[in-house]
Amino acid sequence: MKINIFKTAEEIGAAVAEIFTDTVKANPSCVLGLATGATPVPTYKNIIKTFNEGGISFKDVKTYNLDEYCNLPKNDKNSYYTFMHEQLFNGLDILEENVHFLDGNAADPEAECKAYDAEINAAGGIDVQLLGIGNNAHIGFNEPADTFTEGSFKVKLTESTINANKIYFDENPMPEYALTMGIKQIVSAKKVILIATGEKKAEAVRNMIEGPVTAQVPASVLQEHDDALIFLDEAAASLLTK
Ligand code: F6R
């Protein structure tokens, strides 16, 4: 794990966006793993800024998002499909057929998850995977558990995750289930970038970096990854002791 500490979330957004745009410039048909939530928003803003400056195309880039809520229409304002289009895809020349999501409304979630994993593998695996971290150290929607999960699966969200995300659901209640990529699938990415900002993440960050590798702290699995870059602002890094 390589830890990078910046003053602000904006500075992290610029630094991480540069890694993504350099990746696309070096390999225009790369495969990116993407995250939703508040954390990656400055990164997406900076990727669009670089795209608008010219000299880079996302036409051959494929993306796979980490997770999607169950029982929420694809075009609902709270779906991750909508989020990604509003925050990133609509600002790029990426092709709709190249952006991929787990279908949270699939009649057979197990078959949907298997097909998603198979598609990622057929695409050659993920070159760069972006992650945020939950207050309980979840990555994707892999909540604290007894064992590390493998491929994509349907998960019941914990109270901690529901409390953190329900602020976005003003009309309808927040879904209790989601489909998510599993931990082993996530760490099979060649490079993993995790961003954590704000003091609410400080405890999860300390446990991820300084605690033992355990499925009770899902993000701690990144300690064993060969190319994991962690980007923290000062608030998220505030409980680190080393
Ligand atoms: C989102 C995801 C989650 C979030 C995490 C942090 O696709 O997989 O693990 O990264 O819940 O969310 P924010 O960034 O909103 O604090």
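Some points to look at:
- Per-residue accessible area (protein heavy atoms, 1.4 Å probe) orders M208, M1 as M1, M208, starting from the largest.
- Heavy-atom surface of the chain, accessible at 1.4 Å and reported per residue (Å²): 45 Å²
- Rounded to 5, percent antiparallel among DSSP beta bridges of the chain: 25 percent
- Probe 1.4 Å - accessible area at M181, Å² to nearest ten: 0 Å²
- Shape class for the chain: rounded, because the ratio a/c of the largest to smallest gyration tensor axis (alpha-carbon atoms, square roots of eigenvalues) is under 1.5.
- For the residue pairs K45/K77; K49/K191; K62/K200, the alpha carbons lie more than 29 Å apart in K62/K200.
- Between N121 and V213, the distance separating the two model label sites (each 7 Å from Cα on the Cα→Cβ line) works out to 2.2 nm.
- Summed side-chain charge close to S188 - residues other than S188 whose Cβ falls under 13 Å, Lys, Arg +1, Asp, Glu -1: -3
- Between the residues H85, M174, T43, the greatest Cα displacement towards the positive end of the dipole of the chain, with unit charges on the Cβ of Lys, Arg, Asp and Glu, is found for T43.
- Sparse-neighbour loop sites [GluC sites (Glu not before Pro); segment 127-193; at most 13 other C-beta within 10 Å; DSSP]: E150, E171
- Cα gyration tensor category, rounded, prolate or oblate, for segment 69-162 with a/c compared to 1.5: rounded
- Trypsin sites (Lys or Arg not before Pro) restricted to DSSP loop in segment 68-144 with at most 14 other C-beta within 10 Å: K74, K77
- Computed accessible area, I5, all protein chains, 1.4 angstrom probe, square angstrom: 90 Å²
- Here T241 sits with roughly 110 square angstrom of accessible surface, probe radius 1.4 Å.
- Note on segment 11-196: with charges restricted to the Cβ of Lys and Arg (+1) and Asp and Glu (-1), its dipole about the Cα centre is near 400 debye.
- Size descriptors for segment 103-233, from the alpha-carbon set: Rg then Dmax equal 14.8, 43 Å.
- Sum of -39500 (n - 2.57) over DSSP H runs of 4+, divided by residues of the chain (222 nm, nearest 500): -9000 deg cm²/dmol
- Surface composition of the chain: carbon and sulfur make up 49 percent of the accessible area, probe 1.4 Å.
The values are calculated or read from the model by the stated rules, or taken from the named source; none is laboratory data. Keep in mind the model is a prediction, meaning the values are calculated, not measured. Backbone-built Cβ (ideal geometry, glycine too); neighbour counts: all protein chains shown. Heads up: the accessible areas ignore ligands, DNA and RNA and are worked out on the full protein's heavy atoms, side chains in. Shrake-Rupley method; radii C 1.70, N 1.55, O 1.52, S 1.80 Å.
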